[in-house]
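Just below is one structure, and these are the notes that go with it.
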């Protein structure tokens, strides 16, 4: 029986926050960069746990209820989201996180500890795709939660300007979910700082030169370009798997306290090894707002008018969440 090797990978460029500061701080770049320890200096490091966020209530004392992602949205059919209370979900994640950490295995993951800890910069390796066959990916997931708009006082917990200097229009989404959640393969049109607060995630990144083998999808998403490659179902996609195997990727192990710079048009997907709290901060400079943002808004307007990829998108089923 042949074992699917898939793409070759190398470790992403990595630097500590102390080393980055000695170099004069972050400079614009076109390749991903993992900054170890950046988030540990921010208030969020001490203040955000699953239980602490579960304690949040609206000013009138009512519980927080929001829309939860119901399965993978990037590949396949987008399911209706579910409208659920946040607190019990997050308290379950706190309990799950403690159990997983107590029973952590060096064999867990696409690039398990026993392999990852011995890798050297520039060394090429393959991932263990069988890991994704051991679980049902994407349980209900609190993805792209606009918590910082719902509770604007929490914005001061993230000191992103200390890392990403200069003016840009930014917007943020928080992701909270269990182990084994998968974010499907896609790229975003703006640059992105992905900040890991709790838990461990595996990040697979593919620079733009891999585009011809990424099986670009016609499925519409406002801020992203999607792929038809579903990393959870590679054994069911012979054509896509064959093309995917021709790519050359970068691997990042995002641990608590890390910040990963994901340049625009860099294809990526994410697998959670533990229950996680993550923040994605997207940013556009003024020229990017005018050029890239304008084109994106035109497509979005045409989509809403049902003139551009209507019915094949991640959004049209997101209008009315289902109660449970």
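Examine the stretch 116-139 for a residue that is out of contact with any helix residue (DSSP H, G or I) (no Cβ under 8 Å at 6 or more places or on another chain), outside any loop (DSSP other than H, G, I, E, B) and closer than 24 Å to residue 89 by Cα, and state whether such a residue exists.
Looking for residues that are out of contact with any helix residue (DSSP H, G or I) (no Cβ under 8 Å at 6 or more places or on another chain), outside any loop (DSSP other than H, G, I, E, B) and closer than 24 Å to residue 89 by Cα, one finds at least one in the stretch 116-139, hence yes.
Within the bounds of the stretch 144-162, is there any residue that is modelled with pLDDT under 95 and either under 14 Å from the mean Cα position of the chain (by Cα) or under 19 Å from residue 11 (Cα atoms) (or both)?
The answer is yes, given that some residue of the stretch 144-162 is modelled with pLDDT under 95 and either under 14 Å from the mean Cα position of the chain (by Cα) or under 19 Å from residue 11 (Cα atoms) (or both).
Taking only the stretch 174-199 into account, find how many residues are surrounded by fewer than 23 Cβ atoms within 10 Å (Cβ to Cβ), assigned to a loop (DSSP other than H, G, I, E, B) and on the phi < 0 side of the Ramachandran plot.
3
Being over 21 Å from residue 174 (Cβ atoms) and either at pLDDT below 95 or assigned to a strand (DSSP E or B) (or both) is the filter here; which residues of the stretch 206-227 pass it?
Of the stretch 206-227, the ones over 21 Å from residue 174 (Cβ atoms) are 206-220, 225-227.
Hits for the stretch 206-227 are 206, 216, 217, 218, 219, 220, 225, 226, 227.
Somewhere in the stretch 50-61, is a residue closer than 22 Å to residue 269 by Cα and within 19 Å of the chain's Cα centre (by Cα)?
The answer is no, given that none of the residues of the stretch 50-61 is closer than 22 Å to residue 269 by Cα and within 19 Å of the chain's Cα centre (by Cα).
Would you check which residues across the stretch 201-215 are out of contact with any strand residue (DSSP E or B) (no Cβ under 7 Å at 6 or more places or on another chain) and either crowded, with 18+ Cβ neighbours inside 10 Å or on the phi > 0 side of the Ramachandran plot (or both) and list them?
Selection gives 207, 213.
Got at least one residue in the stretch 80-89 being at pLDDT 95 or above, in a loop (DSSP other than H, G, I, E, B), under 22 Å from the mean Cα position of the chain (by Cα) and surrounded by 19 or more Cβ atoms within 10 Å (Cβ to Cβ)?
Checking the stretch 80-89: not a single residue is at pLDDT 95 or above, in a loop (DSSP other than H, G, I, E, B), under 22 Å from the mean Cα position of the chain (by Cα) and surrounded by 19 or more Cβ atoms within 10 Å (Cβ to Cβ).
Do you know which of the residues in the stretch 228-258 that are closer than 15 Å to residue 184 by Cβ and part of a loop (DSSP other than H, G, I, E, B) is farthest from the chain's Cα centre (by Cα)?
So the residue we want is 237.
What strands (runs of 3 or more DSSP E) completely inside the stretch 5-71 contain at least 3 residues that are in contact with a helix residue (DSSP H, G or I) (Cβ under 9 Å, 6 or more places away or on another chain) and surrounded by 13 or more Cβ atoms within 10 Å (Cβ to Cβ)?
Counting at least 3 such residues, we get 33-36, 65-70.
So that you can scan it fast, the table gives a plain yes or no per residue for (1) in contact with a strand residue (DSSP E or B) (Cβ under 9 Å, 6 or more places away or on another chain); (2) buried (at least 17 other Cβ atoms within 10 Å of the Cβ); (3) over 24 Å from residue 26 (Cα atoms); (4) modelled with pLDDT under 95:
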{"position": "235", "(1), (2), (3), (4)": "no, no, yes, yes"}
{"position": "253", "(1), (2), (3), (4)": "yes, yes, no, no"}
{"position": "266", "(1), (2), (3), (4)": "yes, yes, no, no"}
{"position": "283", "(1), (2), (3), (4)": "yes, yes, no, yes"}
{"position": "294", "(1), (2), (3), (4)": "no, no, yes, yes"}
{"position": "310", "(1), (2), (3), (4)": "yes, no, yes, yes"}
{"position": "314", "(1), (2), (3), (4)": "yes, yes, yes, yes"}
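If I ask for residues that are part of a helix (DSSP H, G or I), touching a residue at least 60 places away in the same chain (Cβ under 8 Å) and surrounded by fewer than 16 Cβ atoms within 10 Å (Cβ to Cβ), which ones from the stretch 140-173 would you list?
If the condition is that a residue be part of a helix (DSSP H, G or I), touching a residue at least 60 places away in the same chain (Cβ under 8 Å) and surrounded by fewer than 16 Cβ atoms within 10 Å (Cβ to Cβ), then 150, 156, 162 are the ones that fit.
Condition check: at positive phi, without any contact (Cβ under 8 Å) to a residue 24 or more places away in the chain and in a loop (DSSP other than H, G, I, E, B). Does residue 109 satisfy that?
no
The values are calculated or read from the model by the stated rules, or taken from the named source; none is laboratory data. Note that the structure is a prediction, hence the values are computed from the model and not measured. Glycine gets a Cβ as well: all are built from the backbone with ideal geometry, and neighbour counts include every protein chain shown.
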